[in-house]
2 protein chains.
Amino acid sequence: MSGDQTKFTQKPLFYWLLFIATAVVVFLIGLFGASVLERRSESYQLLQPVKPIADWEPSNAAWGENYPREYETYRATADTSFASPHGGSATIDALERYPRLVVLWAGYAFSRDYKQGRGHYHAVEDIRNTLRTAVPQPGTCWSCKSTDVPRLMNKIGAAEFYKAKWEDLGPEVVNNIGCQDCHDPKTMNLRITRPALIEAYQRQGKKIEESTHQQMRSQVCAQCHVEYYFKGKQEKYLTFPWDEGSTAEQIQSYYDKIEHVDWTHQISGTPMIKAQHPDWEIFQMGIHFQRGLACADCHMPYRSEGGVKFTNHKISSPLENVAGSCQVCHRESEKELIGNVQERQEKVRQLAGMAEELLVKAHIETRVALDHGATPEQIKAVHQLIRQAQWRWDFVVASHGGSFHAPIECARILGNAIEKAAEARTILAGLLGRLGVELPVPMPDISTKAKAQRYIGLDMAKLEAEKGDFKKRVIATWGEPAL
Amino acid sequence: MSGDQTKFTQKPLFYWLLFIATAVVVFLIGLFGASVLERRSESYQLLQPVKPIADWEPSNAAWGENYPREYETYRATADTSFASPHGGSATIDALERYPRLVVLWAGYAFSRDYKQGRGHYHAVEDIRNTLRTAVPQPGTCWSCKSTDVPRLMNKIGAAEFYKAKWEDLGPEVVNNIGCQDCHDPKTMNLRITRPALIEAYQRQGKKIEESTHQQMRSQVCAQCHVEYYFKGKQEKYLTFPWDEGSTAEQIQSYYDKIEHVDWTHQISGTPMIKAQHPDWEIFQMGIHFQRGLACADCHMPYRSEGGVKFTNHKISSPLENVAGSCQVCHRESEKELIGNVQERQEKVRQLAGMAEELLVKAHIETRVALDHGATPEQIKAVHQLIRQAQWRWDFVVASHGGSFHAPIECARILGNAIEKAAEARTILAGLLGRLGVELPVPMPDISTKAKAQRYIGLDMAKLEAEKGDFKKRVIATWGEPAL
């Protein structure tokens with residue numbers, strides 16, 4: 001007991017020092033608390049625009065004044081230096097890498113020029129420059145390229161927009177894909193600005209306006225990253241072919257019923273379908289979608305700066321940021337995860353290559369059969385098989401990241417493509433055998449893009465010169481894209 | 001200060017009660033501790049046999065006296081009532097379900113009888129009963145069926161064991177696959193009892209004795225669940241064909257170099273390879289192996305009873321015990337996980353069906369071409385393609401669970417099988433066309449097992465009668481399997 005009394009026998013100076021030290025500590029804790037609250041309020045403030053944004057404001061810079069972090073990261077999509085570990089890069093010339101594509105698309109503008117898209121920040125520049133827009137195109141081709149599209153559609157209506165001439169709309173479309181394509185300027189909520197997606201949902205009896213926020217984090221991407229076609233010879237009305245479902249087979253059945261033909265193949269005379277980029281369709285057939293992920297989870301993962309957690313708007317391959325995307329869930333090393341992706345892609349790629357080889361041969365053998373007197377009636381089944389096989393192959397290879405998003409489904413589709421292309425060749429071999437044609441039919445040298453383009457009779461120098469002239473005469477008057 | 005003194009002013013009775021209560025609580029804690037220690041010591045005791053087990057002891061019951069939990073769960077493999085959600089069950093007659101297999105294996109014993117294995121507990125009974133052992137077989141066929149095999153090999157040597165007649169060894173082989181196949185009787189450590197696996201590792205310069213325990217939890221299974229062949233016309237020496245690697249392509253290359261032929265196809269005359277069950281090979285190409293799992297993790301997951309944690313020896317489909325296997329890692333519902341498995345299997349199955357259809361046609365068209373005067377020289381490339389295609393297809397479908405273990409690899413292999421079978425048919429169509437044969441060649445009705453067996457000329461009633469007679473004359477003298 002006596003010990004307790006001893007403690008209170010310290011000198012008064014001790015108690016003064018204790019008092020002052022306590023005061024200092026409490027003051028510092030107060031400062032720290034204020035800093036936390038300030039950062040918190042900063043993150044709230046960010047939800048409210050400092051300068052109000054006008055309806056249909058196409059300028060990304062104007063939005064960026066209010067949302068500097070999102071704008072800065074969006075602008076980083078200008079940087080296309082990332083070369084993916086599987087040999088991808090933003091400057092891939094697909095026709096150089098896979099010259100067979102030139103033959104597969106003979107008679108269609110894709111055989112002239114097909115490069116990997118360089119990302120949202122370059123959309124306007126890239127569509128101005130491609131040789132595919134050297135042939136007359138409708139306004140529909142602008143639909144996914146610019147924040148000016150919602151503005152123009154609001155002004156003149158979607159139907160008028162689509163059926164305008166591509167070059168007539170050129171001067172009006174200068175702002176690259178950006179903020180208002182996906183966001184409401186008042187609330188910053190995600191919103192759908194493109195009628196084609198809303199209309200596709202309506203035709204299926206689904207209400208897109210009832211989507212959750214997590215669903216919207218994919219659906220804003222699905223405004224463009226989908227399979228589509230231009231409906232009507234004059235109308236060129238942008239339409240998503242999902243009325244029977246969105247597998248390769250269901251979409252083909254839809255196209256067959258409306259007898260949709262994108263082009264007649266220059267060599268084989270087949271009524272072809274060109275797949276666009278069914279990214280969203282294929283993503284939905286894979287495990288990441290099935291486990292509840294949205295596009296933005298991996299392509300725009302959250303990032304923290306100071307007290308602010310925000311969505312990184314540098315939309316890119318998750319392989320550019322494995323730590324921020326894959327490793328949020330997967331506990332394996334970056335090297336191992338990238339290896340897993342590559343393995344899937346290489347296996348699917350092997351099957352795609354087989355389908356390409358068979359299809360090239362099928363187109364050429366069909367030509368030889370026709371030249372030796374095969375009747376349209378005899379070739380009908382062959383045309384049907386080539387159309388179906390190339391559609392399936394294209395559905396997979398045109399899809400960005402399909403062989404990662406849903407590798408088993410992609411392999412399944414390609415297995416079907418191989419079977420159908422080979423079946424066409426079996427029928428052709430019987431026909432050619434009976435027509436007395438020596439087999440195998442000799443194949444041309446299409447080992448480079450230049451050789452393949454020469455083989456299908458493209459005068460690339462002339463096409464380039466014409467495009468150069470068009471750029472000087474017309475595109476130059478549109479002004480610089482708003483970069 | 002004075003309060004402290006107050007506390008000690010309670011009556012003596014209070015302290016006596018406190019003392020007694022403390023004594024009671026301490027006693028109960030002591031009892032609980034003793035119970036924990038007892039359970040702990042029980043689980044240690046279990047590692048030491050109560051009754052020592054002799055070297056090469058084949059009787060599972062003898063081992064079971066020491067390890068009742070493992071033995072009870074092992075005996076539960078007798079129960080084959082589980083029907084997997086994808087329509088599998090232990091009593092599937094594969095030829096009933098897929099009658100095309102009869103034609104694909106024409107001329108080989110598999111076309112007579114091919115049922116799903118019923119599990120380790122039924123191994124001896126099942127091999128006695130199958131029609132495949134009605135044709136003369138070597139001792140090698142017993143290699144994976146019984147705990148008597150290590151005992152006999154120790155006695156007469158592996159080489160003598162293999163080249164004995166199957167029926168001569170029959171009386172000696174009565175204990176079903178069990179304890180000593182995988183365990184050391186002294187230490188219970190996992191051990192390899194079959195020379196073929198050890199020899200295959202040695203030829204590749206690998207030391208299986210340096211394997212970790214986790215590796216051994218797969219490798220004991222890999223003694224049997226692998227691709228193999230019988231080397232030497234007389235020797236019939238069990239050999240794993242992994243010298244160049246264990247992909248479908250690498251194993252085929254190995255077989256081609258040694259000109260290995262399992263049988264000559266009765267219809268097409270093709271020199272064929274029959275795939276066995278490359279379960280371990282395909283498992284290694286899938287994500288579960290890549291993430292460090294062993295066979296036992298999913299097929300024999302741990303279980304707790306009282307204080308004892310032990311390995312469930314009811315080796316079975318993980319779908320029979322999703323909670324104990326998949327859900328240890330995956331946080332999805334049982335229904336969703338089973339759905340994921342089914343989706344993979346159905347997609348791979350679609351491609352397998354295509355390959356089967358093409359191969360049946362290729363065999364029959366080859367026959368027609370030969371009957372119309374095609375020369376062996378003309379048919380050589382066709383034979384080569386059929387051999388390669390059917391090997392690939394068989395590699396996938398013969399593998400237990402392959403379409404789950406490595407679905408992308410299986411789809412890739414089947415895509416290759418489809419391409420090669422179709423290429424054979426393309427060559428055949430050209431040949432047949434030139435030979436003036438009307439195309440398409442009519443196909444027989446093989447829509448049931450009975451029709452398909454009749455088509456290839458099997459007199460099943462006679463074969464069944466002969467087998468029945470053999471069972472009465474010979475097998476009946478071997479005694480009952482030790483169940």
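The values are calculated or read from the model by the stated rules, or taken from the named source; none is laboratory data. From a predicted model like this one, the values you see are computed outputs, not experimental measurements. Quick reminder, even Gly has a Cβ in these numbers, built from the backbone with ideal geometry, and neighbours come from all protein chains shown. Remember, those area values only see protein heavy atoms, side chains included, never the ligands or the DNA or RNA. Shrake-Rupley method; radii C 1.70, N 1.55, O 1.52, S 1.80 Å.
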Scanning the stretch A:270-289 residue by residue, the ones that are assigned to a loop (DSSP other than H, G, I, E, B), more than 14 Å from chain B (Cβ to nearest Cβ) and not hydrophobic (A, V, I, L, M, F, W, C) total 5
Is there any pair linking a residue in the stretch B:111-136 that is in contact (Cβ under 8 Å) with a residue 60 or more places away in the chain to one that is part of a loop (DSSP other than H, G, I, E, B) and open to solvent by less than 20 Å² (accessible area, probe 1.4 Å), with Cβ under 7 Å and at least six apart or on different chains, and which?
B:111/B:105; B:111/B:456; B:119/B:90; B:120/B:178; B:124/B:173; B:124/B:481; B:125/B:481; B:131/B:113
Considering every residue within the stretch B:446-462, establish whether at least one is within 14 Å of another protein chain (Cβ to nearest Cβ), surrounded by 15 or more Cβ atoms within 10 Å (Cβ to Cβ) and polar (S, T, N, Q).
no
Note on the stretch A:413-435: residues open to solvent by 20 Å² or more (accessible area, probe 1.4 Å) and either at the interface with chain B (Cβ under 8 Å from one of its Cβ atoms) or in contact (Cβ under 8 Å) with a residue 40 or more places away in the chain (or both) are A:419, A:423, A:427, A:434, A:435
Residue satisfying condition, being crowded, with 21+ Cβ neighbours inside 10 Å and touching a helix residue (DSSP H, G or I) at 6+ places or on another chain (Cβ under 9 Å), within set A:130, A:140
A:140
Do you know which of the residues in the stretch A:155-185 that are outside any helix (DSSP H, G or I) and of a type in the set (D, E, K, R) is surrounded by the fewest Cβ atoms within 10 Å (Cβ to Cβ)?
A:165
When residues of the stretch A:310-336 are limited to those that are of a type outside the set (D, E, K, R) and over 24 Å from the mean Cα position of the chain (by Cα), the one surrounded by the fewest Cβ atoms within 10 Å (Cβ to Cβ)
A:333
One residue from B:225, B:277, B:265, B:213 being crowded, with 19+ Cβ neighbours inside 10 Å and more than 20 Å from the chain's Cα centre (by Cα):
B:265
Hits in the stretch A:230-254 - residues which are open to solvent by less than 30 Å² (accessible area, probe 1.4 Å), aromatic (Phe, Trp, Tyr) and touching a residue at least 40 places away in the same chain (Cβ under 8 Å)
A:240, A:242
Selection count where residues are free of Cβ contacts under 8 Å to residues at least 12 places away in the same chain, surrounded by fewer than 24 Cβ atoms within 10 Å (Cβ to Cβ) and charged (D, E, K, R), scope the stretch A:382-412:
0
Of the numbered conditions (1) open to solvent by less than 30 Å² (accessible area, probe 1.4 Å); (2) free of Cβ contacts under 8 Å to residues at least 60 places away in the same chain; (3) under 19 Å from residue A:294 (Cα atoms), residue A:218 fails exactly one; give the number of that condition.
(2)
Quick one: how many residues across the stretch A:186-203 are in a loop (DSSP other than H, G, I, E, B) and surrounded by 14 or more Cβ atoms within 10 Å (Cβ to Cβ)?
5
So which residues in the stretch A:361-372 are more than 14 Å from chain B (Cβ to nearest Cβ) and either in contact (Cβ under 8 Å) with a residue 12 or more places away in the chain or open to solvent by less than 30 Å² (accessible area, probe 1.4 Å) (or both)?
A:363, A:367, A:370
Residue list for the stretch B:241-269, restricted to those being among the aromatic types (Phe, Trp, Tyr) and in a strand (DSSP E or B)
B:263
How many residues are in contact with a helix residue (DSSP H, G or I) (Cβ under 6 Å, 6 or more places away or on another chain) and within 10 Å of chain B (Cβ to nearest Cβ) if we restrict to the stretch A:331-344?
1
Single residue of the stretch B:290-307 satisfying the filter (over 13 Å from residue B:328 (Cα atoms) and not in a helix (DSSP H, G or I)) that is farthest from the other protein chains (Cβ to nearest Cβ)
B:306
Name every residue in the stretch B:298-320 that is at pLDDT below 90 and not small (Gly, Ala, Ser), in order of residue number.
B:305, B:308
